[in-house]
Amino acid sequence: MSTKALLLSGGYGTRLSPLSDIWPKCLMPIKDKALLEYWIDTLHDSGIHDILINLHYLSDEVKKFLERDKFKGLITWVYEDKLLGTAGTLIKNHEFFRGGDILLAHADNFCSANFSEFINAHHEKPKSSIATMMTFTTNQPESCGIVTTDTNGILIDFHEKVSSPPSNIANGAIYMLNEEFLDWITEQSEITDFSLDVIPRLLGKISVWHNEGIHIDIGSIENLLKCQTLERKNNEVHRDEWHYLFMKHPIHKLINQARERYEEKSK
């Protein structure tokens, strides 16, 4: 069975200001490669060759990135005049995903996981489960959605950004979904957000797969700087005209200035 992917990439990245004032969050540099390029390369290497990407903030910059020759035949993009929410984009484009499984990811996370194992875990999940959630271990559980599972690895409780979370096992905002899930979500009313609207309604029907690798939300400048120093897979650079202009963009200077400020503070 084939798998298609939805990469949610339209967010504003307000916590990354002033960096995000001039450059989209989804294209933030991780060293000399854009975050969204890591995602596309990783999914392609995992056997996913049909990817839908939603655009909104600074969409013209993201379009230029997606028009590169290396992405021809791989990417479909949709522009949202108003962001539809983490579940709303899937509902709006449900026909695109018919006929197979779906990998849905928030593309503002830097994630180093074995996606082939994640996909296989979804295929081997209990029949009563209609989705598989990727989790990770966090050192900031109060800022995440924290999960509780039963002995079979099925989600039985969910705590979204609570002050006293029960553990440090967090929702990675990366999901494998089957067609039964797609049927279910398109029949629901007033659903826009996965964490607030979808997960609470599907307790007992979501399997959990834990990522032992890296998982960082690059939504803060501190986390973006942390990603610059990490060991990374798929760090090969495609040196075309877009990449040449990308490396000359002022965003790199802003990141270096931010790094210098953080280093000065830590002295």
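Derivation of every value follows stated rules applied to the coordinates shown; laboratory data play no part. Because the structure is a prediction, the values reported are computed rather than measured. Note that we place each Cβ from the backbone using ideal geometry, even for glycine, and neighbour counts take in every protein chain shown.
Based on DSSP H runs of at least 4 residues, each adding -39500 (n - 2.57), what is the mean residue ellipticity at 222 nm of the chain after dividing by all its residues, to the nearest 500 deg cm²/dmol? List each step's numbers first, then the result.
Details: 9 runs with 74 residues, N = 267.
Estimated from H runs of four or more residues: -7500 deg cm²/dmol.
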- Message: Can you find, among Asn256, His238, Ile216, the residue sitting farthest towards the positive end of the charge dipole of the chain, where Lys and Arg contribute +1 and Asp and Glu -1 at Cβ?
- Response: Asn256
- Efficiency of FRET from Cβ geometry, Lys265 and His44, R₀ 35 Å, rounded to 0.05: 0.35
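Which order do the peptides 209-217, 244-252 take when ranked by the mean count of other beta-carbon atoms within 10 Å per residue, highest first? Can you show the working numbers first?
Details: 209-217: 17.4, 244-252: 13.6.
Output ranking for 209-217, 244-252: 209-217, 244-252.
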- Query: What is the fewest-to-most order of Val237, Val208 by other Cβ atoms lying within 10 Å of their Cβ?
  - Reply: Val237, Val208
- Item | Long-range HN-HN contacts of Thr149 with modeled amide H, under 5 Å | Ile156
- Task: Based on other C-beta atoms within 10 Å, arrange Cys227, Cys144 from fewest to most.
- Result: Cys227, Cys144
- Message: I need the phi-derived Karplus couplings for region 229-236: 6.51 cos²θ - 1.76 cosθ + 1.60, θ = phi - 60°, integer Hz, Gly and Pro marked x.
- Response: 9, 8, 5, 10, 8, 6, 8, 5
- Query: Long-range amide H contacts for Leu52: which residues qualify at under 5 Å (H placed 1.01 Å from N, peptide plane, sequence gap of 5 or more or a different chain)?
  - Reply: Ala5, Leu6, Leu7, Thr76
- Neighbouring Cβ atoms within 10 Å as the yardstick, rank His94, His159, His123 fewest first. His123, His94, His159
- Could you sort 130-138, 39-47 so that the peptide with the highest average Cβ count within 10 Å comes first and the rest follow in order? 130-138, 39-47
